[in-house]
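Everything on this sheet refers to the single structure shown next.
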Amino acid sequence: MDTLYAISPIPELEILSCCNDRQFAPHLHDGYVLWLNSAAGEHFQVKGALDILEPGSISIIEPGVVHANRPCSPERRHLRSFYFSEQFLVNMSERIFGDGRSTALPTSVLTDRTLWREFVALHEDLLHPVFPLQAEAAIVSGFARILAGGKDAALLAPAAVDSRRIRSITEYFRANIARQFTLDEVAAEVQCTSFHLIRLFRAAKGVAPHAYLVQLRLEHARKLLADGSAIVEAALRSGFSDQSHLTRLFKTRFGVTPGKYLQQRRGR
């Protein structure tokens, strides 16, 4: 599909994926737009000034600011846009900083290639969401870097390991393995912000909470299969959306499909 609009699991955020030669005539948005092109450059005009946004850079445009854009190379274009409201930024501030600090973002171009890669990956995650917890964590992590603006080094530095909280979360995951969690729900269990929860998990486990939860679910599904459960039953009882979802991740983790795993066990 050349043009696709999709909503995220977090309210007030929508994305656009455009892989054609469409030219966006002068227009404005009620909210913010953060956009980039991951395959080629993009001609753009803001407040009468003309420029080219090259891959590796991100443009942020404030509400009500008239702008226009068109691809430099239509055949190579992948325009990726994030549309979000001012309320979304307020909510992000609560999740990241734990307070209602000012969240206004100026119209600007950010030339941070690491940040650009993070938002390309986030855009892909939102185009093909699987676990809400995964998508939420990616959104919070990405916008933390935007809102910190390089001023909160302590916020973005690695967190210290907090064994008590990590143990509490993993026990909560195990006790509710089949449920679909939200990031705020899990953070509330250990009384911290959503962003701090992500930092704690990465410090202690080396991965984000959703990645750890997927591994717990795969282990749970494997045990159910070994105990005689059907594949679809093991998938649903372990928190996967369906049998094909389990099969794809199971093969990545164990090197064989659930069906092949059952065949091997029965052949012993």
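Restricting to lysines 8 or more places apart or on different chains, can you count the pairs in the chain with Cα atoms under 25 Å from each other? So the count of such lysine pairs works out to 5. Annotation for ALA175 and GLN23: the two label points, set 7 Å from Cα along the Cα-Cβ direction, are 6.1 nm apart.
Using 0.36 nm per residue, how much length does the chain from SER168 to VAL66 gain when fully extended, once their Cα-Cα distance is taken away?
Fully extending the segment from SER168 to VAL66 adds 31.8 nm.
Within the shell of other residues whose beta carbon sits under 12 angstrom from the beta carbon of GLU12, the net charge comes to -3, with Lys and Arg scored +1 and Asp and Glu -1. With a cut-off of 11 Å between beta carbons, the residues surrounding LEU246 carry a summed charge of +4, where Lys and Arg count +1 and Asp and Glu -1. Karplus-based coupling profile of region 225-234, in residue order and whole Hz: 5, 5, 8, x, 6, 5, 4, 5, 5, 4, with θ = phi - 60° in 6.51 cos²θ - 1.76 cosθ + 1.60 and x standing for Gly or Pro.
Put simply, when 223-231, 197-205 are sorted by average Cβ atoms within 10 angstrom per residue, most first, you get 197-205, 223-231. The distance linking region 33-73 with region 218-250 is 44 Å (Cα centroid to Cα centroid, whole angstrom). On the beta carbon distance between PHE254 and GLU75, with R0 = 45 Å, the FRET formula returns roughly 0.65. Could you check how many percent of all C-alpha pairs in the chain are farther apart than 34 Å? Looking at the chain, the distances longer than 34 Å represent 29 percent of pairs.
Laboratory data are not the source of any read-out in this text; all were calculated from the coordinates shown. Bear in mind that the values here come from a model prediction, so they are computed numbers and not experimental data. Cβ: placed from backbone, ideal geometry, glycine included. Neighbour counts: every protein chain shown.
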